[in-house]
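*Asks:* Shown below is the structure under consideration.
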Amino acid sequence: MTMSTYASQVPAEWIDVNGHMNAMHYYQVIYDAHVAMTEEIGLGEDYVKSTNCGKAVLESHMVFESEVSEGEQLEVVSRLLAVDEKRLHFFHELFNRTQSKRAACSEQVDIHIDLTRRCSSPMPKKLFEALKNLAKKHQEQPIPEGVGRKVRGPKLPES
């Protein structure tokens, strides 16, 4: 079980000097999908207003896998991989449906926060249980390629 959290067509204004979608818009698409998922799982604007609690990103990692061009169809498929009383582990896959391939993936960990005290706090038990159940359902699917990937930078040449 996964969640389709975003669908769009790439507009001309997202294309950069290199003739493909600018990296900024990959981030924007994933962000919009994450906001949609946040609403879907019960941690969105209504939750924030009624509880004065929310969540914030602790860590995020984006991998760009292929170019996206003007007019191509995009879809983001999102998963909640794991949750504990304060943290949520998400994975978003950005698919280029026009080319039938994954264009990027993004992994992030968010923390539940008390907005009055401005510090981390446990989620309400009922919400936590619901999110645990959702994560278990999402774990029934094969783990997507790239989960837990580390940054692979170049090595300095030996002198």
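None of the figures in this text is laboratory data; all of them are computed from the coordinates on show. Because the structure is a prediction, the values reported are computed rather than measured. FYI the Cβ positions are ideal-geometry reconstructions off the backbone, even for glycines, and counts take in every protein chain you see.
*Asks:* DSSP loop (so not H, G, I, E, B), at most 16 other Cβ within 10 Å: list which GluC sites (Glu not before Pro) in the stretch 59-128 pass both filters.
*Replies:* Sites meeting the loop and neighbour criteria: E65, E67, E70, E85.
*Asks:* Also, quick follow-up: If the limit is 24 Å between Cα atoms, which of K126/K150; K49/K125; K49/K137; K101/K132 go over it?
*Replies:* Over 24 Å apart, Cα to Cα: K126/K150; K49/K137; K101/K132.
*Asks:* About its Cα centre, how strong a charge dipole does the chain have in debye, to the nearest 20, once Lys and Arg get +1 and Asp and Glu get -1 at the Cβ?
*Replies:* Roughly 740 debye for the chain.
*Asks:* On a 0 to 90 degree scale, rounded to 10, what angle separates helix 125-139 from the longest Cα axis of the chain?
*Replies:* 30
*Asks:* Taking only the alpha-carbon positions of the stretch 3-137 and ignoring solvent, what does the Debye formula give for the base-10 log of I(q)/I(0) at q = 0.18, 0.19, 0.20 Å⁻¹?
*Replies:* Rounded to two decimals, the profile gives -0.95, -1.02, -1.09.
*Asks:* Percent relative contact order of the stretch 1-130, based on C-alpha pairs within less than 8 angstrom and at least six residues apart?
*Replies:* Contact order relative to length: 28 percent.
*Asks:* Restricting to DSSP loop positions (anything but H, G, I, E, B) with no more than 16 other Cβ atoms inside 10 Å of their own Cβ, which trypsin sites (Lys or Arg not before Pro) remain in the stretch 1-110?
*Replies:* K86, R97
*Asks:* To the nearest 500 deg cm²/dmol, what mean residue ellipticity at 222 nm is calculated for the chain from DSSP H runs of n ≥ 4 alone, each contributing -39,500 (n - 2.57), summed and divided by the residues?
*Replies:* Taken over the chain, the calculation gives -8000 deg cm²/dmol.
*Asks:* Under a straight-distance cross-link criterion of Cα-Cα below 19 Å, which aspartates and glutamates are reachable from K55, leaving out those fewer than 8 residues away in the same chain?
*Replies:* Candidates past the 8-residue exclusion: D32, E39, E40, E45, D46, D84, E85, E107, D110, D114, E129.
*Asks:* Helix 23-40 sits at what angle to the longest principal axis of the chain, using alpha carbons and giving 0 to 90 degrees rounded to 10?
*Replies:* In the chain, helix 23-40 runs at an angle near 30 degrees to the longest axis.
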